[in-house]
Amino acid sequence: MLPSKKIPQKYQPKGYEIIYEDRDIIVGHKAPGFLTVSALWNKETTVLHALNEYVRKGQAKSHKRVFVVHRLDQGTSGVLIFAKTPQAQIFLKDNWKETKKIYYAIVHGKMLQKEGLITSHLMEDEDYMMHSVDDSIHGKLAQTAYKVIKESGRFTLLEIDLLSGRKNQIRVHMADEGHPVVGDTKYGRNEKKYPRLALHAQAITLTHPFSKERLTFTVPLPDFFRTLVPH
C-alpha cells in the first residue's frame with residue numbers, strides 16, 4: 001500500500017487534519033470543539049460535512065461522499081477514521097471489535113488502583129445523559145481498561161484501552177470512579193476554567209478493508225495535557 005501524499009494546509013478540512021488517505025479510508029486528527037456528525041443544533045459545522053466538501057473538490061454536482069465508521073465526542077480530539085466506500089464502511093464496522101483504540105485522559109485526583117478494568121452497563125436517559133445501570137437487558141455492556149502513566153499534584157494522566165465504544169463511556173466511567181475527566185462539565189465538575197476536555201484518541205490499530213494489513217495510526221498528545229501533567 002502506497003503512503004498518502006502530504007496534503008497542503010489550505011486543502012485540509014476545517015477541524016480535521018488528514019494524516020492518511022487511500023482509495024478506501026481517510027484517517028485524520030480531529031480538533032476539539034468539532035462535531036463528528038450533525039446534531040439538532042448544528043447541521044453543517046461538522047467533520048463529516050467538511051470531508052464531503054473535500055472529496056467533492058469544489059464540484060457542486062458531485063455525489064462523492066464519505067461514510068461514518070465511528071465518532072468522537074465534540075470535546076475529544078484525536079484519531080478519527082472515515083470510509084470512502086460503503087464496502088469499506090461495512091468491513092470496518094463488522095471488524096470493529098478487533099480494532100484497538102487507545103485514549104489518553106487527564107482526570108482529577110489520584111487513582112488508588114494504578115491499573116484496572118471498569119465494567120458497567122450504560123443507558124441513555126431522555127436528556128441524552130449516559131448512566132451506569134444495573135439493567136443488563138436495556139443497558140449496553142461497557143468495559144474500560146486503564147493504567148496510570150503519570151501523576152501531578154492534582155491530576156493523573158491515564159492511558160485507556162477502550163474495549164467497547166459506548167457513547168461518553170470513558171467520561172461516565174471516570175466520573176463513576178470519583179475521578180472525572182478534567183474539563184468535563186457534563187459528567188464531571190461544573191468548572192468552566194479549563195479550555196477543553198482532557199480526552200484524546202491517541203491511536204487506532206485496524207485491519208485495512210482492502211489489503212487486510214494491520215495498520216496503526218497515532219497523533220501527538222495535545223499541548224494542553226502538558227500544562228496539567230508535565231511529561
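Taking the criterion of being within 21 Å of Leu199 (Cβ to Cβ) and either out of contact with any Ser or Thr (no Cβ under 6 Å at 6 or more places or on another chain) or open to solvent by 70 Å² or more (accessible area, probe 1.4 Å) (or both), the residues of region 128-140 that qualify are Tyr128, Met129, Met130, His131, Lys140.
If the condition is being small (Gly, Ala, Ser) and closer than 16 Å to His70 by Cβ, then region 184-231 contributes Ala201, Ala203. Only a single item in (1) at pLDDT 95 or above; (2) touching a strand residue (DSSP E or B) at 6+ places or on another chain (Cβ under 7 Å) is not met by His231, and it is number (1).
Regarding His121, is this residue surrounded by fewer than 14 Cβ atoms within 10 Å (Cβ to Cβ), over 27 Å from Leu215 (Cβ atoms) and not small (Gly, Ala, Ser)? In short, no. Checking each residue in region 152-164 for being in contact (Cβ under 8 Å) with a residue 40 or more places away in the chain, surrounded by 15 or more Cβ atoms within 10 Å (Cβ to Cβ) and of a type outside the set (A, V, I, L, M, F, W, C) picks out Thr156, Glu159.
Among residues of region 70-94 that are touching a residue at least 12 places away in the same chain (Cβ under 8 Å) and of a type in the set (Ser, Thr, Tyr), those with a Cβ under 7 angstrom from a residue that is in a loop (DSSP other than H, G, I, E, B) and open to solvent by 40 Å² or more (accessible area, probe 1.4 Å), sequence gap 6+ or separate chain, pair up as Thr76/Pro32; Ser77/Pro32. Within region 1-33, the set of residues being in a loop (DSSP other than H, G, I, E, B), touching a Ser or Thr at 6+ places or on another chain (Cβ under 7 Å) and modelled with pLDDT of 90 or more comprises Asp22, Asp24, Ala31, Pro32.
Would you check if Val181 is among the β-branched types (Val, Ile, Thr), more than 25 Å from Val68 (Cα to Cα) and either surrounded by 18 or more Cβ atoms within 10 Å (Cβ to Cβ) or touching a helix residue (DSSP H, G or I) at 6+ places or on another chain (Cβ under 9 Å) (or both)? Taking the combined requirement at face value, the residue satisfies it. Report whether or not Leu117 is of a type in the set (A, V, I, L, M), modelled with pLDDT under 95 and more than 27 Å from Glu17 (Cβ to Cβ). In short, no.
Residues in region 190-220 that are surrounded by 15 or more Cβ atoms within 10 Å (Cβ to Cβ) and within 16 Å of Gly33 (Cα to Cα): Tyr194, Arg196, Leu197, Ala198, Leu199, His200, Ala201. So, of the residues in region 141-151 that are touching a His at 6+ places or on another chain (Cβ under 8 Å), among the aliphatic types (A, V, I, L, M) and under 16 Å from Asp176 (Cα atoms), which turns out to be surrounded by the fewest Cβ atoms within 10 Å (Cβ to Cβ)? Within region 141-151, the match that is surrounded by the fewest Cβ atoms within 10 Å (Cβ to Cβ) is Leu141. Of everything in region 91-116 that is surrounded by fewer than 17 Cβ atoms within 10 Å (Cβ to Cβ) and within 19 Å of the chain's Cα centre (by Cα), the residue that is nearest to Lys150 (Cα to Cα) is Lys100.
Picking from residues in region 63-85 that are touching a Pro at 6+ places or on another chain (Cβ under 7 Å) and among the polar types (S, T, N, Q), the one that is farthest from His29 (Cα to Cα) is Thr76.
Give the residues of region 60-88 that are polar (S, T, N, Q) and crowded, with 20+ Cβ neighbours inside 10 Å, sorted by residue number. Within region 60-88, Thr76, Ser77 qualify.
Among the candidates Lys57, Lys64, Lys84, the residue that is at pLDDT 90 or above and among the charged types (D, E, K, R) is uniquely Lys84.
The values are calculated or read from the model by the stated rules, or taken from the named source; none is laboratory data. Not measured: the values here are computed from a predicted model. Neighbour counts are summed over all protein chains in view; Cβ atoms, including those assigned to glycine, are modelled from backbone coordinates with ideal geometry. Quick note on the areas: whole protein, heavy atoms, side chains included, nothing else; ligands and nucleic acids left out. Shrake-Rupley method; radii C 1.70, N 1.55, O 1.52, S 1.80 Å.
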